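Peer 1: Sharing a structure, written as structure tokens. Questions coming.
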Amino acid sequence: MTVKVEERLRNPELAKKIMSADEAAQMIKDGMTLGLSGFTRAGDAKAIPMALVKRAETEDFKVNVFTGASLGSNIDAYMSDAGIVNKRLPFQLDRTMRGHINKADMLFVDQHLSVTAEYLRQNAIDKIDVAVVEAVAVTEDGMLIPTTSVGNSPIYIQNADKVIIELNLASYPQLEGIHDIYVPEAQGERGPIPLIHASDRIGTIGIPLDLDKVAAVVITEQPDSPTTITPIDPETQQIADHILDFFRNEIKEGRLTETLAPLQSGVGSVANAVLGGMANSEFKDLEVYSEVLQDAVFDLIDAGKVKFASGCATSLTAEKMESVYGNLDKYKDKLVLRPQEISNHPELVRRMGLIAMNTALEFDIYGNVNSTHVSGTKMMNGIGGSGDFARAARISIFITKSYAKDGKISSVVPFVSHVDHSEHDVDVVVTEQGLADLRGLAPRERAELIIENCVHPKFKPALRAYFEEAKERGGQTPHILEKALSFHTNLAKYGTMLPEEN
């Protein structure tokens, strides 16, 4: 069916500002800071970034690129390869861009996802020169209706000198009414955020526009990039089973009920598998209050397990995109998309008592977690929203397989090579080997439990030997400073964390 532009662009004043992506991109100059819509490959600006990449073939320039999180359509790869990115924040998920970051070809600010908006209000980071935001529609009264993510788009539009709208005719008109746009006042001037339950709506259905700031409207027709999820394997299923058993014990101890507490789950196959494991469980009437809504969330809605899901973006496989977006009316009373500073707001996380489940690259025998840096120096993706949730959650759970690289790497080490979440913010760690509930435990108790429950058998003797020797040195948190990073130095020298395997 042919979509008429006027059905989506319902404000007649903006119809006068329609132009091509190449024309609109000429408004962006060297040294500017761009605020792009997009979060986990959903709702991202698509046409203007690619027009800038095209410009880079004949013109030297660099821009700062601020987003909600990761972008789809390989935009981060194209922009970083074109050499036009000076600084990128707050999160990326692209292998090519990661290479440029680690070669120091560009700057990357690894930021908690809830704080970008606050920093912009404080003028603590660069002001947005041009906001480029994807929309499914613009209403008669000048309300921009986002597509499949909200992310940081409201604050970018509010903060920017100019706004370019990418009106995506390939997106779904049924999205109108799903968003809940609430933007807090400045710190020190705001009242409490009036949200008590995941299903509460406290804002508007779209982002209010200052029509005088809208410099261009670019018509696009490009779907979001689907995400890829690795199928559940026996080990991810074991991790899911350990967590479900932990929930059952929490119910037995009277700390939870069968409705649990609002659930947050990070991006990735393991986190998706944990949520998916609830489909055939006894848990019911669940609420999800998360940043990203993956396939498993919609599977649980379909199974009658989740009664409401709140997020700031979707992140769906191609198959799930078709079934969800093709039947949005089915989910409208069970779904809301919010700005990421609300979906990730620590005050709400603490008050609502969330259970937070996020992924670790590695954790150590005391419960410190590294989520971002391989061997302490090489950036993977970024901390994302995990820190927003970890410190404030009712229960903060970190998940990883116990090993990597065909058993050459242990995901549990004497001391993490980079600390994203200190032991003070980590309640539970889980691998396929088992689960360690660290609440109320002193460092020595934590180490005993983590080594016993979570470490792959291949690495247990080495970690036990380290801990026993460290205890002889004494201290509240025993370490052998000259050996604390020995697993990582062995890996760099021998290609394995256990040198005797070399």
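The values are calculated or read from the model by the stated rules, or taken from the named source; none is laboratory data. Quick caveat: nothing in here was measured; it's all calculated off a predicted structure. Methodologically, a virtual Cβ is constructed for each residue, glycine included, from the backbone with ideal geometry; neighbour enumeration extends over all protein chains shown. Note: areas computed on protein heavy atoms with side chains; ligands, DNA, RNA excluded. Shrake-Rupley method; radii C 1.70, N 1.55, O 1.52, S 1.80 Å.
Peer 1: Tell me, what is the per residue accessible area of the range 1-51 in Å², probe radius 1.4 Å?
Peer 2: Per residue, the range 1-51 has an accessible area of 46 Å².
Peer 1: Hey, with R₀ at 45 Å, roughly what FRET efficiency would A15 and T259 work out to, going by the Cβ-Cβ distance, to 0.05?
Peer 2: For R0 = 45 Å, the calculated efficiency reads 0.40.
Peer 1: Provide the per-residue ³J(HN,Hα) series for the range 380-385, in order, calculated from phi with Karplus coefficients 6.51, -1.76, 1.60 and θ = phi - 60°, each as a whole number of Hz, with x at glycine and proline positions.
Peer 2: Whole-Hz 3J(HN,Hα) from phi for the range 380-385: 8, 10, x, 6, x, x.
Peer 1: Would you kindly find the accessible area of D141, with a 1.4 Å probe and non-protein molecules such as ligands, DNA and RNA excluded, rounding to the nearest 10 Å²?
Peer 2: The accessible area of D141 comes to roughly 120 Å².
Peer 1: Using Cα centres only, tell me the gap between the range 427-502 and the range 152-206 in whole Å.
Peer 2: For the range 427-502 versus the range 152-206, the Cα centre distance is 44 Å.
Peer 1: For a quick check of your reading of the filter: which GluC sites (Glu not before Pro) in the range 424-497 sit in a DSSP loop and have no more than 16 other Cβ atoms within 10 Å?
Peer 2: Here the sparse-neighbourhood loop sites are E482.
Peer 1: Another question, if that's okay. Within the range 201-239, whose backbone N sits under 19 Å from a point 7 Å along Cα→Cβ of L328?
Peer 2: It comes to 201-209, 218-227, nothing else.
Peer 1: So, one more: Can you order the peptides 15-26, 82-93, 39-50 by their average number of other Cβ atoms within 10 Å per residue, highest first?
Peer 2: For the peptides 15-26, 82-93, 39-50, the packing ranking is 39-50, 82-93, 15-26.
Peer 1: From the backbone phi of the range 263-271, what are the Karplus-calculated ³J(HN,Hα) couplings (6.51 cos²θ - 1.76 cosθ + 1.60, θ = phi - 60°) in whole Hz, Gly and Pro given as x?
Peer 2: For the range 263-271, the Karplus curve yields 9, 10, 9, x, 7, x, 5, 5, 4 Hz.
Peer 1: Another one. Counting only protein heavy atoms and a 1.4 Å probe, tell me what percentage of the range 407-486's accessible area is made up of carbon and sulfur.
Peer 2: 52
Peer 1: Please work out how much length the chain gains when fully extended from E185 to N280, using 0.36 nm per residue of separation minus the C-alpha to C-alpha distance, in nm with one decimal.
Peer 2: Full-extension gain reported as 29.9 nm.
Peer 1: Checking the table K46/K127; K54/K103; K29/K127; K405/K458; K16/K213 against a 19 Å threshold on Cα-Cα, which pairs fail?
Peer 2: K46/K127; K54/K103, as the Cα separations exceed 19 Å there.
Peer 1: Next up: Could you state the orientation-averaged shadow area of the convex hull built on the Cα atoms of the range 218-336, in nm² to one decimal?
Peer 2: 7.9
Peer 1: What FRET efficiency do you get for E482 and D406 if R0 is 25 Å and r is their Cβ-Cβ distance, rounded to the nearest 0.05?
Peer 2: 0.30
Peer 1: When only DSSP loop residues count, what trypsin sites (Lys or Arg not before Pro) in the range 370-466 have their Cβ near at most 13 other Cβ atoms within 10 Å?
Peer 2: Sparse-neighbourhood loop trypsin sites (Lys or Arg not before Pro): R439.
Peer 1: Considering the range 30-168, what Rg and Dmax in Å follow from its alpha-carbon atoms?
Peer 2: 14.0, 48
Peer 1: Mind giving me the nanometre distance, one decimal, between the label points for T96 and R248, set 7 Å out from Cα along Cα→Cβ?
Peer 2: Spacing of the two 7 Å Cα→Cβ label points: 4.7 nm.
Peer 1: What percent of all Cα-Cα pairs in the chain falls into each 20 Å bin, going from 0 up to the bin containing the maximum distance?
Peer 2: Bin by bin from 0 Å, the calculated values are 24, 54, 21, 1.
Peer 1: So for R55, R255, what's the accessible-area order with a 1.4 Å probe, most first?
Peer 2: So, going from the largest accessible area down, we get R255, R55.
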